[in-house]
Structure formats: C-alpha cells, structure tokens
Amino acid sequence: MTTETVQVRRPGAAAWLKLIQAEAKMVIRDTAGLIVPLGMPLLILVMQAISFDDVGLEMSDGITVMDYYLLPVVVTMVVTTIAVINMPSFLATYRKTKLLRRLAVTPASPTMVLVAQMVVSFIQVIIGIGVAFAVAMMFFSANLPKSPLMAVGALLATCAAMYGVGMIVASISPTPNSSVAIGLIAFFGLAALGGMFGPTENLPDAVQTVSSWLPFGAAVEAFQSAWSGEGVEMQNWLVLGGSAVMGAAVAGALFRWD
C-alpha cells in the first residue's frame, strides 16, 4: 500500500502583491469610497480652522489650538471613515458576490483578501493624514507632534481599534448597502461624541465621560497627548486595545464568508 501526500502550494510574495494591487484598483474605482475619507476630514479641518478666530493661538510652548484640537480629530476621522465605512462595504460586496467562498477552496484564502484590504486601506490612511497635514502646515501654521513616536503608537492603536469596529459592522451587515448605512451611523455616533463638531470640553460632563470610553474619543485624547508631549493615559490604551480585541471576538463569532 502506498500513501500519497498532497502538498498544497502556499501563495508566495508575488500572489500577495497581485492581490494587494487588485484591492488597490477596487478602491480607486470606488470614487465615493476614495474621496470621502480624504475629502471630508480635510473639509472639516478647513471649515473649523476658518471659523476659529484663535486657531493659531499658542496654548503652550509651540502648541496651538490647531495642533491640540483640530489635527487629532482630523487624523482620527481619516482612520475611522476608512476602517468603519469603507472596509466593511468591500467585504460585504465580496461576500454578496460569493468571492470569499470561491477563494476558500483555493490556496488564496479569504483571509488574504482581508489582509490585502487592510494593507490598502492603511495606505489610504497615510495618504489622507499626509494631505491634511500638508494643508494644515501650509495654510494654518500647524506643528508636528512633540512626541512623534507616541503619535505613531497612537495611530497604530487607533487603526487596530477602528478596524475592530469595522469588523463588527461587517459581521452584522447582510448587504453592501446596509454595511454603508451601519458604518455611517457608527461613524457619526462615535465622531459626534469624540469632538468632530467641537471640543469635548463643551459637552456635558456625563457625555465627556462616555466619550473618553469610546474609541474615537480615546484616540483623540491619545493624539492630543502626543502633540503636547505628554504620556498617553493608560485608559486611552485600554479603550483602543479593548476595541480591537472586542472587534476580533465579535467577528470571530458572527462573521460569515458567504
């Protein structure tokens, strides 16, 4: 009796690169999904910068109102729109067209699509933040964070948290249209409480407390600490990390590939 061993060829670097390129083309073709995450935060930045008379006022040594209040919100908005609205809609579309199920019987697993989508969306995050920074520095004399490494850490933690929220949206959305609708509701709910329409200090105390325990508000506070050169509070790390873990747990329990 002979035993034959069937070896499954694992996708190499070339396959990963092609998949990432394919995902990038899909994002570029989706005009609304490309413009909104880049344009809306920039629009909010410019509108609020123009409306604030003291946007260039120094709050402390080298830190202006623009640096402390507007840029942290805009950076968080870029991440949230891409992770909570865009990514779930792509996954819902792939699920509706049975693409994920067809990939499940090939060496290119559905997980590869998820990873490729995250890579492409992270590139989009960097571009969006870069555009916002360029406009803020050229026209409103914005400054870079005093703690760049802390800002990078806060960005990575924010991405993990918002991707977690996005995976929850993708898990409970039966169709692409419902994914966009749920994502928009989640985005505006989190952003409204997190400072998108003005500093959270203007909100009632109870609402401020709720905001600090939500990922958007925690991210804004973390970026504010990075800009002012202070250490990020442990609560912010716990909220961002907890959001990522909760998103992964919910997705693991509820997400379906078809």
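The values are calculated or read from the model by the stated rules, or taken from the named source; none is laboratory data. Quick caveat: nothing in here was measured; it's all calculated off a predicted structure. Using ideal geometry, Cβ is built from the backbone for each residue, glycine included, and neighbour counts are taken over all protein chains shown. Quick note on the areas: whole protein, heavy atoms, side chains included, nothing else; ligands and nucleic acids left out. Shrake-Rupley method; radii C 1.70, N 1.55, O 1.52, S 1.80 Å.
Of the conditions (1) touching a residue at least 60 places away in the same chain (Cβ under 8 Å); (2) open to solvent by 50 Å² or more (accessible area, probe 1.4 Å); (3) among the β-branched types (V, I, T), V79 satisfies every one except a single condition; which number is it?
Result: V79 fails condition (2) only.
Could you tell me whether A226 is touching a Pro at 6+ places or on another chain (Cβ under 6 Å) and modelled with pLDDT of 90 or more?
Yes, satisfied.
From the residues in segment 138-174 that are more than 19 Å from L45 (Cβ to Cβ) and among the hydroxyl-bearing types (S, T, Y), which one is nearest to the chain's Cα centre (by Cα)? Please lay out each step first, then the result.
Filtering segment 138-174 for residues more than 19 Å from L45 (Cβ to Cβ) gives 146-150, 152-153, 156-157, 159-161, 163-174.
Right, trim to among the hydroxyl-bearing types (S, T, Y) and you get 147, 163, 171, 173.
Numbers: S147: 21, Y163: 6, S171: 17, S173: 18 Å.
Only one residue fits best here, namely Y163.
Let me spell it out: the conditions are (1) under 30 Å from V55 (Cα atoms); (2) of a type outside the set (G, A, S); (3) modelled with pLDDT of 95 or more, and T209 meets all of them except one. Which number is the exception?
(3)
Here are some conditions: (1) surrounded by 14 or more Cβ atoms within 10 Å (Cβ to Cβ); (2) without any contact (Cβ under 8 Å) to a residue 40 or more places away in the chain. F187 meets all but one. Which one does it not meet?
(2)
Given the conditions (1) modelled with pLDDT under 90; (2) over 18 Å from the mean Cα position of the chain (by Cα); (3) not basic (K, R), and given that Q117 satisfies all but one, which numbered condition is not satisfied?
(2)
Please state which one of Q21, Q48 is open to solvent by 60 Å² or more (accessible area, probe 1.4 Å) and either modelled with pLDDT of 80 or more or not in a helix (DSSP H, G or I) (or both).
Being open to solvent by 60 Å² or more (accessible area, probe 1.4 Å) and either modelled with pLDDT of 80 or more or not in a helix (DSSP H, G or I) (or both) holds for just one of Q21, Q48, which is Q21.
Contact list please: Cβ distance under 6 Å, first residue in segment 145-166 and open to solvent by 10 Å² or more (accessible area, probe 1.4 Å), second residue not in a helix (DSSP H, G or I), pairs at least six apart or on different chains.
Listed pairs, sorted by first residue: K146/G229; S147/G229; A151/P145.
Among the candidates A206, A181, single out the residue that is surrounded by 14 or more Cβ atoms within 10 Å (Cβ to Cβ) and of a type in the set (G, A, S).
The match here is A181.
Can you go through L70, L34, L43 and tell me which one is touching a residue at least 60 places away in the same chain (Cβ under 8 Å), under 24 Å from I127 (Cβ atoms) and over 15 Å from the mean Cα position of the chain (by Cα)?
Working: L34 fails: over 15 Å from the mean Cα position of the chain (by Cα); L43 fails: touching a residue at least 60 places away in the same chain (Cβ under 8 Å).
Answer to the selection: L70.
Do you know which residues across segment 221-231 are open to solvent by less than 20 Å² (accessible area, probe 1.4 Å) and either closer than 15 Å to V165 by Cβ or in a loop (DSSP other than H, G, I, E, B) (or both)?
none
For segment 232-258, which residues satisfy the criterion of being assigned to a helix (DSSP H, G or I), farther than 23 Å from M118 by Cβ and open to solvent by 80 Å² or more (accessible area, probe 1.4 Å)?
M234
What are the pairs with Cβ atoms under 8 angstrom where one residue, in segment 239-251, is over 18 Å from S211 (Cα atoms) and aromatic (F, W, Y) and the other, located anywhere, is assigned to a helix (DSSP H, G or I) and at pLDDT 95 or above? Sequence gap at least six, or different chains.
Nothing qualifies.
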